[in-house]
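Below is one structure, written out as structure tokens; comments come after it.
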Amino acid sequence: MARRNVWTGITLLGLTACATAVIWTVRVREASAHCQMPCGIYDDPARIAQLREDAATIEKAVAQIRELAGKHDPQSLNQITRWINTKEQHASHIIEVVSEYFLTQKVKPKTPGSSEYESYLKKLADHHAVMVAAMKTKQTVDPEKVHALQHAIDALAKHYTK
């Protein structure tokens, strides 16, 4: 029985995609967004600034990916893979900060019918909008999705900055 070369027909782009998948599968999880303890150490403006920095990095990544699109040389493929990974990491970080810091540590449930309930629902909607917008930046290289994320972060910031 003849042995078949498994590398025949695999493109450099295909190998790059496989390598990216392996890296994401076996990577060590980064430090969490917050300690998840009632430590009382909160810096909401700093967290908002970090979200904005993550969004700016995603914006840069999208621009670079779009610029490199269509190039097939090894260096360009390497760079596009790195920009994709960067975009994914920063979008994931935004989702992590919103869920593990803001939603679990800062947003307190309110009783339906109470005077604070409508404000509570608005906060939940604004947090959800940021998470969905971050997820959408993972799915595309559309600059409009990045702008939607930035606007969602601006709306969220109104709850935490004066």
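The values are calculated or read from the model by the stated rules, or taken from the named source; none is laboratory data. Being a predicted model, the structure only gives us computed values, none of them experimental. Quick reminder, even Gly has a Cβ in these numbers, built from the backbone with ideal geometry, and neighbours come from all protein chains shown.
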Complete set of residues in region 133-144 that are without any contact (Cβ under 8 Å) to a residue 40 or more places away in the chain and either surrounded by 14 or more Cβ atoms within 10 Å (Cβ to Cβ) or not in a helix (DSSP H, G or I) (or both): 133, 136, 140
Odd one out for residue 131 among (1) modelled with pLDDT of 95 or more; (2) in contact with a His (Cβ under 9 Å, 6 or more places away or on another chain): (2)
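If you go through region 97-152, how many residues are aliphatic (A, V, I, L, M) and closer than 30 Å to residue 69 by Cα? Walk me through it before giving the result.
Of the residues in region 97-152, the ones aliphatic (A, V, I, L, M) are 97-98, 103, 107, 121, 124-125, 129-135, 141, 146, 148-149, 152.
In the following step, the residues that additionally are closer than 30 Å to residue 69 by Cα were identified as 129-135, 141, 146, 148-149, 152.
The total comes to 12.
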Selection within region 40-74 - surrounded by 13 or more Cβ atoms within 10 Å (Cβ to Cβ) and among the basic types (Lys, Arg): 47, 52, 60, 66
Pair list, Cβ < 9 Å and 6+ apart or interchain, from region 149-162 residues that are more than 15 Å from residue 95 (Cα to Cα) and among the polar types (S, T, N, Q) to residues that are modelled with pLDDT of 95 or more and crowded, with 18+ Cβ neighbours inside 10 Å: 161/48
Counted residues, region 72-100 - those being touching a Phe, Trp or Tyr at 6+ places or on another chain (Cβ under 8 Å) and closer than 18 Å to residue 154 by Cα: 0
Close pairs from region 72-94: first of a type in the set (S, T, N, Q), partner at pLDDT 95 or above, Cβ under 6 Å, at least 6 apart: 76/68; 79/68; 86/61
Selection count where residues are loosely packed, with under 14 Cβ neighbours inside 10 Å and more than 19 Å from residue 152 (Cβ to Cβ), scope region 105-124: 10
Among (1) of a type outside the set (Val, Ile, Thr); (2) without any contact (Cβ under 8 Å) to a residue 40 or more places away in the chain; (3) farther than 18 Å from residue 48 by Cβ - the single one residue 122 does not satisfy: (3)
